[in-house]
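First up is the structure itself, then whatever we jot down about it.
The values are calculated or read from the model by the stated rules, or taken from the named source; none is laboratory data. Keep in mind that what you see is a predicted model, and the values were worked out from it rather than measured. Cβ sites come from the backbone with ideal geometry, for glycine too, and all protein chains shown count toward neighbours.
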Amino acid sequence: MGVADRPQGRIRIVVRGRVQGVWFRESTKRTAIALGLTGSVRNLESGDVEIIAEGPRNRLDALAVWARTGPEMARVDEIEVEYSPPAGNLIEFRIVR
């Protein structure tokens, strides 16, 4: 992996609202892959959804903008966004069950 290929940042997004049972994880995966990001998405016991992604900052920002609305059947009440340096250990984007 060359320097240009390394992730530039990491984002953790927690999405709150009606976000489980509405194809949120699958839609997140498709969006993240289209943006060229690596990471994961999972349901939390609290009823929220957690997204962790790595990639270029502008693409991470685009994922955060998308998460504010989510898929058609979702109702997003709020999102929590946290940026950090990339770990560089993510090789694909996947749904964690």
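Overview of values
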| item | result |
| --- | --- |
| Strands (runs of 3 or more DSSP E) (entirely within segment 22-97) containing at least 1 residues that are under 16 Å from Ile11 (Cα atoms) and acidic (Asp, Glu) | 49-55, 75-84 |
| Residues of segment 43-61 classified as touching a strand residue (DSSP E or B) at 6+ places or on another chain (Cβ under 9 Å) and closer than 19 Å to Pro86 by Cβ, total | 11 |
| Residue within segment 12-35 that is over 12 Å from the mean Cα position of the chain (by Cα), buried (at least 19 other Cβ atoms within 10 Å of the Cβ) and farther than 20 Å from Arg97 by Cβ present | no |
| Residue match in segment 60-76 (condition: acidic (Asp, Glu) and in contact with a Lys or Arg (Cβ under 9 Å, 6 or more places away or on another chain)) | no |
| Candidate set from segment 69-86 (those that are closer than 18 Å to Ile33 by Cα and over 11 Å from the mean Cα position of the chain (by Cα)); member that is surrounded by the fewest Cβ atoms within 10 Å (Cβ to Cβ) | Thr69 |
| Looking only at segment 88-97, and only at residues there that are aliphatic (A, V, I, L, M) and surrounded by fewer than 12 Cβ atoms within 10 Å (Cβ to Cβ), the one that is modelled with the lowest pLDDT | Ile91 |
